[in-house]
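In what follows, a structure is listed as structure tokens, so that the remarks can point back to it.
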Amino acid sequence: MATRRQFIRISTIGAGALMAGAAGFKSFGSGLTNGQKATIAALTGRTPTYCEVCFWKCAGWVWKDNGGKIKKITGNAEDMNCNGRLCPRGTGGVGMYYDEDRLKTPLIRTEERGKQSFREATWEEAFDYIAEKIKKLSADWGPESLALFTHGSGGKYFTTLLKALGSPHIAAPSYAQCRGPREVAFQATFGEALESPEPLDIRDTRCLVLIGSHLGENMHNGQVQEMSDAIDKGATIITVDPRFSTAAGKSKYWLPIKPATDLALLLAWINVIISEELYDKPYVDKYTSGFEYLKEHVKNMTPEWAYGITTIDPTVIRETAREMANAAPAVIVHPGRHVTWYGDDTQRIRAVAILNALLGSWGRRGGFFRAETAVLPEPPHPPYPAPKRHWKTEFPDLYKLADTVLSNGVCAATVPDPSRNWKFRGWIVNGSNLIETLPDQANTLKAIDALDLLVVIDTMPMEITGYADVVLPECTYLERYDDIRAVPHRKPQIALRMPAAEPAYNTKPAFWMARELAKRLGVIEYFPFETIEEQLDWQLKHLGTSLEEMGKVGVKTLDRPADNLFFAPGEDVEFYTGSGKIELYSGLIEEAGYDPIPKYTKHEEPPEGYYRLNYGRAPMHTFGRTSNNPNLTDLMDENSVWVNPRVAKEWGLSTGQYVHLVNQDGSRSEFPIRVRVTERIRWDSVYMVHGFGHDQKKLRRCYGKGASDTNLITKVLIDPIMGGTGMRGNFVTFITDLGKAEVAS
Ligand code: SF4
């Protein structure tokens, strides 16, 4: 059993910590060393922040030297998301501020889209240009023809702007390209979506099951720390993954499943739990509905049945099911996060939810806790105008349970189609590199081509900025205020981000940009506070604190309204489902016209000579967002393709060799990628880290380094229930005859 020391070390501070991450989670002390304490002592002041390098939003302190230069970022010890320790990417956040490739001033396009031809503009010119275009497209096609794609904190203010204008079209790729199926599945089962961070009591769990979730490589800070604690306390880890991930290396059981068959394994586990009567009977009787239907449904889905599909030994399926039951209710079958795989993803995660319900882990210590979130008042404003049109009406009968605007739906409803008389005309894209985020790049480019207006707000010149009509350069999170962070956790907690430095170059915060546009578009009443400081102070006073106090403490923990983190013995609980129970048989999904209990369906297999493309995360990067970060590229500056030795032998591949990948539709990786021959991947798959292979030349550090998996994802398996874009149905093969020049590039 791995110990905490052997496992993942969340860094505390500075470059040493970054190296700890790079070295594959080698030991790094949880407290500061004397040298680090001395370094900190030499710094003059600290400013509270919360990290923007990923969605986890860990709270920390930004430290400056005597000359006022930002030197370090450390975790805030009071913060429940990070417990005082940032991950390698978080400490590397300083690199975002110092990156010399940053966007520096507003830009207006001078030639056709895609050509990097812009002229520098003043903020007034940029805003006037945008406002005039928005007024025209609103007058001609309605304000609903304007959509926002948003990722990151600044999107909040553009959301207010769009709603004020009368558009409901606020899309987040984090839904349809990531966690959407999970939210719908848990909503249908328990009556609640999971949100971020997920309410998992990992630190007290006795058994953690990870299905395609490579915790530790995806550095979800608090969860990684709690997993490490749980391992120290003897918890069993079961990892299901065609790849021997870092988490698999710390597991009692690694199930190297045949890709695309996870649902069969889940149904077989449910079969064992029910047939061997291992489920939590009093819990199931009291809290769930539909048990008899479920029992009948899975009766033939035995481990032997699943063996033929998954290649997992029936003995192992039984053993692992019993491990879970022995630990119950302190067991978590992890719901995952990036779950858009094969198009039946809502159903797969429904099976995860059902398994948790049978084991009685929802609402129980070591399982799922009841999260609390601090509620901040909305700044006072008039009611938003009622939109007259919604993208969903363009696609009647599809994606009935989608509860967030789908990025891919907006994209589809932007591409001209003679059968529809309406389409999107303008996009505002905040912090979201859609070219690399949305699958099927050709379709994204078709949509962009058809736009009357594309505004991009970002800190970096990503691929999407090359297609913008106007680029608005946002200052980094170290140079701005943003909304108060209030995320669900064991206790309600708030965190402040305030600027540690003046915005560099001619960059500005999103709050200011959205408000300036609101002035020009006649909706300033939706931004009642002239400055964000006034708005934050007003909000904080409603919670009994102030901007001044938060500036000193950074994080404030509030009391839970009730002592009810877990269900009390025998507690009557009303779930927010149609039946008021945990629905093993989902009325919501049945009403929408889909299977009320998940069914396994077979997915397409790779053609001869092709391998399923799996992709994932590295601990030192967040997608393509950090690929150019000077601190983080020092740790990892390109990705590689993992290839099983059997495949390598067939193709004559060796570690370090560069190849191109080409997929089933003939789509080829733009840049070559280095081969890594390893037993850690099944022979029917290859694996690469997402976020490399940038073709934006203005990203000078990462341009052309590694390959982009998005180049290779042309087949999209849409989840009929909620519209998520399954991206794991693509198969690649190798092009090995590279010329020298190509390899050098
Ligand atoms: S997990 Fe890491 S990158 Fe994400 S917010 Fe926390 S410190 Fe930042």
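Sort 727-734, 479-486, 278-285 for me by packing, meaning the mean count of neighbouring Cβ atoms within 10 Å per residue, highest on top.
Result, highest mean Cβ count within 10 Å first: 727-734, 479-486, 278-285.
With a 10 Å radius around each residue's Cβ, average the other Cβ atoms per peptide and rank 176-187, 136-147, highest first.
The densest-packed peptide leads the list: 176-187, 136-147.
In whole percent, what relative contact order does the range 301-357 give with Cα contacts below 8 Å and a gap of six or more residues?
24 percent
State, as an integer percentage, the relative contact order of the range 549-649 based on alpha-carbon contacts under 8 Å between residues 6 or more apart.
9 percent
Lys and Arg at +1, Asp and Glu at -1: add these up for the other residues within a Cβ distance under 12 Å of Val689 and post the number.
+1
Going by a ≥ b ≥ c, the root eigenvalues of the Cα gyration tensor, does the range 209-284 fall in the rounded group (a/c under 1.5), the prolate group (a/b larger than b/c) or the oblate group?
Cα axes put the range 209-284 in the oblate bin.
Which pairs break 32 Å Cα to Cα here: Lys392/Lys556; Lys136/Lys392; Lys115/Lys136; Lys115/Lys388; Lys281/Lys715?
Flagged as over cut-off: Lys392/Lys556; Lys115/Lys388; Lys281/Lys715.
What's the FRET efficiency of Lys388 with Ala139 using the Cβ-Cβ distance as r and R₀ = 22 Å, to the nearest 0.05?
My answer for the efficiency is 0.95.
How big is D for the range 439-494, in µm² s⁻¹ as a whole number, if Stokes-Einstein is applied with the Kirkwood radius of its Cα pairs at 20 °C and 1.002 mPa s?
It diffuses with D of about 150 µm²/s by this estimate.
Trp56's amide H: which non-local residues (gap 5+, or another chain) put their own amide H closer than 5 Å, with H modeled 1.01 Å from N in plane and none for Pro or chain starts?
none
Count charges around Asn326 for me, please; just the other residues with Cβ under 13 Å from its Cβ, Lys/Arg as +1, Asp/Glu as -1.
Combined, the nearby Lys, Arg, Asp and Glu give 0.
Tally up the carbon and sulfur contribution to the accessible surface of the chain as a whole percent, 1.4 Å probe, everything protein left in place.
For the chain, the apolar C and S fraction of the accessible surface comes to 51 percent.
Per residue, how much accessible surface does the range 644-745 expose to a 1.4 Å probe? Answer in Å², no decimals.
That works out to 40 Å² per residue.
Over the chain, what is the relative contact order in percent, taking alpha-carbon pairs closer than 8 angstrom and at least six residues apart?
Here the relative contact order equals 18 percent.
What is the set of long-range amide H partners of Ile713 at a cut-off below 5 Å, with H atoms built 1.01 Å from backbone N?
Asp440
Based on the alpha carbon coordinates of the chain, what radius of gyration and maximum Cα-Cα distance (Dmax) apply, in Å?
Considering the chain through its Cα atoms, Rg and Dmax are 25.2, 71 Å.
Using the Karplus equation 6.51 cos²θ - 1.76 cosθ + 1.60 (θ = phi - 60°), what ³J(HN,Hα) coupling, rounded to whole Hz, does each residue of the range 710-726 give in order, writing x for Gly and Pro?
The phi angles translate into 5, 4, 9, 9, 9, 8, 10, 9, 7, 6, x, 6, 9, x, x, 9, x Hz.
Starting with the highest mean, order 520-532, 50-62, 301-313 by the number of other Cβ atoms within 10 Å, averaged over the residues of each peptide.
Highest to lowest by the protection proxy: 50-62, 301-313, 520-532.
Across the range 209-226, in residue order, what do the Karplus-derived ³J(HN,Hα) couplings come to in whole Hz, using 6.51 cos²θ - 1.76 cosθ + 1.60 with θ = phi - 60° and x for Gly and Pro?
Here the 3J(HN,Hα) series is 10, 10, 10, x, 10, 9, 4, x, 8, 8, 7, 6, 2, x, 5, 5, 5, 5 Hz.
For the range 564-574, take each phi angle, set θ = phi - 60°, evaluate the Karplus expression 6.51 cos²θ - 1.76 cosθ + 1.60, and give the result in whole Hz per residue in order, putting x for glycine and proline.
9, 4, 10, 5, 6, x, x, 4, 7, 10, 9
The values are calculated or read from the model by the stated rules, or taken from the named source; none is laboratory data. Predicted, not measured: the structure shown is a model, and the values here were computed from it. Using ideal geometry, Cβ is built from the backbone for each residue, glycine included, and neighbour counts are taken over all protein chains shown. Keep in mind that these areas ignore ligands, DNA and RNA; they rest on the heavy atoms of the full protein, side chains included. Shrake-Rupley method; radii C 1.70, N 1.55, O 1.52, S 1.80 Å.
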